Every structure is written in structure tokens, then in C-alpha cells.
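Q: Below: one structure in C-alpha cells.
The values are calculated or read from the model by the stated rules, or taken from the named source; none is laboratory data. What you see is a predicted model; the values in this text were computed from it and never measured. Here the Cβ positions follow ideal geometry from the backbone for every residue, glycine too, while neighbour counts run over all protein chains shown. When the accessible area is computed, the model is the full protein with side chains, heavy atoms only, and any ligands, DNA or RNA have been set aside. Shrake-Rupley method; radii C 1.70, N 1.55, O 1.52, S 1.80 Å.
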Amino acid sequence: MTTEKVDVLVIGAGPSGTVAASIIHQAGYSVKIVEKLKFPRFVIGESLLPRSMEALEEARFIDAIKAKGFQEKYGAKFVKGNKVCDFTFKEQHTPGWNWTWQVTRADFDKTLADTVEAMGVPVCYETTVTAIRFNGSDSVTTVEDIHGNKSEIAARFIVDGSGYGRVIPRLFNLEKNSNLQPRKALFAHTVDARRSMADEPNRITAVVHQPGTWIWIIPFSTGVTSVGFVSDPSFFNSYSGTPEQQYRALLEAEPYTRERFRDVELVFEPRILESWSATTDKFYGDGFVLTGNVTEFLDPIFSSGVTLACVSAQTAAKLVIRKLKGEAVDWEKEYMEPTMQGVNTFRSYVMAWYDGTLDKIFFSDDQRPEVKNQICSVLAGYVWDMSNPFVQHHDTALKRLARTIELTQIIKQDQ
């Protein structure tokens with residue numbers, strides 16, 4: 001087998017891998033990306049958050065993304081019956097980007113990969129990692145292309161941004177189950193001919209269908225809208241027929257989607273995704289770091305996936321550069337802890353969404369602007385801003401607020 005030598009091998013050409021590759025390449029190191037699939041390829045995670053823009057900017061991807069004309073996103077709307085809670089990112093507590101995009105990921109991910117390749121980083125598609133041998137922080141990775149040809153890549157460091165592929169966790173038995181309940185999504189892209197232009201398409205809408213079941217509505221600039229139902233897997237058992245028949249029955253069952261999406265043209269047959277939550281004990285080791293969904297993927301409700309992917313890659317890339325320079329890096333303190341800060345904050349909000357806590361907050365008749373702006377910052381992805389009490393005390397602040405709202409309502413009813 002032939003052996004190629006690089007400073008850094010990046011596994012995966014999604015947002016996490018390309019952000020890391022770009023930043024490391026800009027520092028003057030040789031980088032190579034290997035990707036199992038052929039791009040463009042379909043993946044969910046179509047609604048970005050403003051915090052991801054900082055990482056995309058540092059990776060020098062912003063201009064290329066703008067040129068694609070993706071739908072700009074300025075907020076997030078939550079709907080339950082006749083109640084609406086609308087968040088606008090420009091009102092967020094945390095200074096920073098106050099807009100982002102809603103994207104078809106096949107086109108978005110291909111744009112990032114093409115851009116980093118144009119910078120001088122080779123991207124090898126349809127190339128599978130079959131083995132990795134570590135010698136200290138140095139490594140030799142065996143890869144196999146679509147034709148069965150094997151080769152080796154010697155690297156001083158590996159960034160695993162393989163997403164759902166979870167290459168290093170699977171090769172070295174690092175996987176463990178998430179503490180989140182397994183859920184299922186049934187979704188499709190629709191030709192959204194009845195779209196309202198009043199408050200769309202510049203935000204994502206999440207509709208509460210019933211407790212524990214919600215709908216995402218993500219409009220794209222093309223007139224196509226992504227619509228997906230998320231619930232406990234058992235919920236879908238009450239709908240019979242093919243996935244398309246189930247999907248259309250669900251659209252009809254929800255008043256918010258009934259008229260808009262009745263007899264809607266589908267871009268592709270409805271697809272199913274389930275049991276997506278996964279994690280691992282450690283996000284780093286001697287000679288490698290895990291970034292993006294390969295660390296932990298939570299749930300689609302707050303669109304955290306791409307943001308965690310980009311920010312973890314941004315953080316990891318800078319630490320890899322320092323490591324290659326011979327500097328000491330405290331991976332636990334400088335990478336694991338801040339990454340888990342972001343993951344755990346989002347996890348608190350995911351759990352609060354499904355247990356009804358956020359229902360009480362979002363759809364309360366008494367909305368305090370300051371509190372709403374602080375929560376808006378979390379929904380914008382600024383989950384590392386410790387000046388925000390809803391970040392610093394993410395595990396308790398939502399419960400306290402919901403209880404305060406309940407007590408206030410009880411007092412009002414008694415008066």
C-alpha cells in the first residue's frame with residue numbers, strides 16, 4: 001500500500017470537518033479530508049443558528065455561502081393552537097450575529113467542501129476508514145476507496161468530524177447510549193405553494209401537535225419547505241399505510257398545516273429517521289479529537305447540530321494548531337469542558353421542551369422582555385455566554401421560571 005504523509009487527517013467533509021480543515025490549513029499545516037460518501041448527499045439539520053456564523057466566518061466560508069442565495073433566517077417561531085411565541089434574533093441578550101441561513105444541506109455541505117478544496121485541502125470522497133493505528137499522537141490510517149483500493153495516511157493528528165458515521169468511537173468502542181428518550185422523525189421536502197410571506201420564510205416554525213409531538217417547518221429560498229413530524233416512535237403506530245399516506249394524514253391532522261400542505265407536491269418520498277441520540281465518554285485522546293455529531297447529537301428541536309459541529313470544530317482546530325506547534329494543551333479543560341457546556345445547555349432545553357416546561361414559558365400570557373431575550377440567546381446558539389442566567393443555570397433556571405409562571409397564574413385566578 002502507498003502511504004501519504006500529512007500533518008492532520010480530517011475524517012468527514014461535513015461542516016465540522018471542513019471548518020476544522022480550513023482553520024488548520026490557514027495556519028500553514030498540510031491537511032487531508034477523507035469522506036465516506038459522494039457529495040452532494042442528503043442530511044437533515046437544515047436550520048442554522050447565528051452562533052455558527054462565527055465559526056463559518058473564521059473558516060472563510062461566508063462569501064461562498066452568500067453566493068448560493070440560501071434563505072436568510074432571523075428568528076424562530078413556536079406555535080401551539082392559537083398561541084404563538086416568536087423570537088427575533090436581533091433582540092437576543094448576547095452580542096453577536098443576529099441572523100443566519102436555512103439551507104438544503106446537500107448544497108450547503110457541498111459548498112463548504114468545494115470552498116475548502118479550492119483553498120488547497122484535498123477532499124477524497126467515497127473513501128472509507130477501515131483501521132487506525134496510533135503510536136503516541138502519531139497515527140497511520142488505512143482507507144479504502146469505492147473500487148476497493150487501499151492506502152495509508154500517516155498523520156500527526158486526526159480530527160474525527162464523521163458525524164453519524166462516528167468512525168473513531170466505533171473503531172475503539174467508545175460509544176455509549178444517550179440519556180435522551182429515543183425519538184422518530186417522518187419528514188419530506190414540499191413544494192410550498194401556499195406559503196405566507198408575512199412572517200415567513202425568514203424563520204423556522206415549530207408547532208406543538210400534542211404533548212411530546214411537534215412539527216418543524218423550514219422554508220427554503222427555492223419555494224420548497226422542509227416539514228417533519230417528531231415524536232415517540234409509538235405515536236406513528238396509530239397511522240397506517242405507506243410513509244406517504246402516514247405523512248399526508250399527519251399534515252391533515254394538524255390545523256396549522258392542514259390547509260397549507262393539503263395535497264402538497266412532495267420533492268421526495270417521506271423519509272424516516274429514528275434513534276439518533278448518541279454520545280461517547282471522551283471527546284479526545286492521544287492523537288485525536290472528536291468534533292460535531294460524533295461527540296453527541298441531541299435532537300432536532302433547537303437546531304443545535306450544525307452549531308455544535310461548527311463551534312466544536314472551531315475550538316478543536318485552534319487546539320490542534322497549538323499541539324502541532326509543541327505547546328501543551330489541556331484537552332479536558334480547554335475542549336471537553338466547554339464542549340459539554342454547550343451540549344448540556346442544549347440538552348436542558350431539549351428535555352424542557354419534551355416535558356412541557358418550555359410550553360409554560362413560551363405560551364405564557366405574561367412575557368417579560370428581558371427573560372425572553374435571554375432565552376432567545378440560547379435559541380441563537382449562544383450557549384457559552386455565562387452572563388446569561390439561562391445559560392449559567394440552564395439546568396434549574398427554566399424549571400424555576402415555569403414554576404413562577406404557574407404560581408402567578410394561580411394567584412390571578414384566586415383574585
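Q: If r is the Cβ-Cβ distance from Gln26 to Glu334 and R0 is 35 Å, what FRET efficiency results, to the nearest 0.05?
A: Result of the calculation: an efficiency of 0.95.
Q: Suppose the chain between Asn179 and Asp145 were pulled fully straight at 0.36 nm per residue; how much longer would it get relative to their current alpha carbon spacing?
A: 8.7 nm
Q: When ranked by the protection proxy of mean other Cβ atoms within 10 Å per residue, highest first, what sequence do the peptides 4-16, 313-325 form?
A: Highest to lowest by the protection proxy: 4-16, 313-325.
Q: With springs only between Cα atoms under 10 Å apart, run a GNM on the chain and tell me which of Val391, Val84, Val383 wobbles the most.
A: Looking only at Val391, Val84, Val383, the biggest GNM fluctuation is shown by Val84.
Q: Normalised by the number of residues in segment 333-411, what is the relative contact order in percent for Cα pairs under 8 Å and 6+ residues apart?
A: RCO, segment 333-411: 37 percent.
Q: Greater than 19 Å separation of Cα atoms is the criterion. Which listed pairs, Lys333/Lys372; Lys83/Lys184; Lys32/Lys150; Lys68/Lys110; Lys360/Lys399; Lys90/Lys372, meet it?
A: Going by Cα-Cα distance, Lys333/Lys372; Lys83/Lys184 fall outside the 19 Å limit.
Q: Give the label of the value calculated from the structure for mean projected area of the Cα convex hull in nm², choosing from [x] 19.6; [y] 21.1; [z] 23.4.
A: [y]
Q: With +1 on each Lys and Arg Cβ and -1 on each Asp and Glu Cβ, and nothing else charged, work out how big the dipole of the chain is about its Cα centre, in Debye to the nearest 20.
A: I would put it at about 160 debye.
Q: Further question on the same structure: What FRET efficiency comes out for the pair Phe268/Lys412, r = Cβ-Cβ distance, R0 = 41 Å, nearest 0.05?
A: 0.25
Q: Please report the carbon-and-sulfur percent of the accessible area for the chain; probe 1.4 Å, protein heavy atoms only, DNA, RNA and ligands left out.
A: Carbon plus sulfur share of accessible area: 49 percent.
Q: Would you kindly derive the ³J(HN,Hα) couplings of segment 345-355 from the backbone phi angles with the Karplus curve 6.51 cos²θ - 1.76 cosθ + 1.60 (θ = phi - 60°), listing them in order in whole Hz, with x for Gly and Pro?
A: 5, 4, 4, 4, 6, 4, 5, 5, 5, 7, 8
Q: In Å², what does the accessible area per residue of the chain work out to with a 1.4 Å probe?
A: Each residue of the chain exposes 42 Å² on average to a 1.4 Å probe.
Q: Considering the dipole of segment 43-88 built from charges on the beta carbon (Lys and Arg +1, Asp and Glu -1) around the Cα centre, which of Leu49, Ala64, Val79 is farthest to its positive end?
A: Of the candidates, Val79 comes out farthest on the positive side.
Q: List the relative contact order of segment 52-140 as a percent without decimals, with contacts defined as Cα pairs under 8 Å and 6+ residues apart.
A: Answer for segment 52-140 is 24 percent.
Q: I've got another one for you. Would you calculate a helix-derived [θ] at 222 nm for the chain, using -39,500 (n - 2.57) for each DSSP H run of n ≥ 4 and dividing by the full residue count, to the nearest 500?
A: -10000 deg cm²/dmol
Q: Another question, if that's okay. From the phi angles alone, apply the Karplus equation (6.51, -1.76, 1.60; θ = phi - 60°) to segment 107-122 and give each ³J(HN,Hα) in whole Hz, x where the residue is Gly or Pro.
A: Each residue of segment 107-122 in turn: 6, 5, 5, 5, 4, 5, 5, 5, 5, 5, 5, 5, 6, x, 9, x Hz.
Q: Between Asn237 and Ser196, what FRET efficiency comes out of the Förster formula 1/(1 + (r/R0)^6) with R0 = 35 Å and r the beta carbon distance, rounded to 0.05?
A: According to the calculation, E is roughly 0.60.
Q: Additional query: Counting alpha carbon pairs within less than 8 Å and at least 6 residues apart, what relative contact order, in whole percent, applies to the chain?
A: Relative contact order, the chain: 21 percent.
Q: With both bridge residues required to lie in the chain, what share of the DSSP beta bridges run antiparallel, to the nearest 5%?
A: If we restrict to bridges inside the chain, about 70 percent are antiparallel.
Q: Next question. When the Karplus curve 6.51 cos²θ - 1.76 cosθ + 1.60 is applied with θ = phi - 60°, which whole-Hz ³J(HN,Hα) does each residue of segment 4-19 get, with x for Gly and Pro?
A: In residue order, the calculated couplings are 9, 10, 9, 6, 9, 9, 10, 9, x, 10, x, x, 5, x, 6, 4 Hz.
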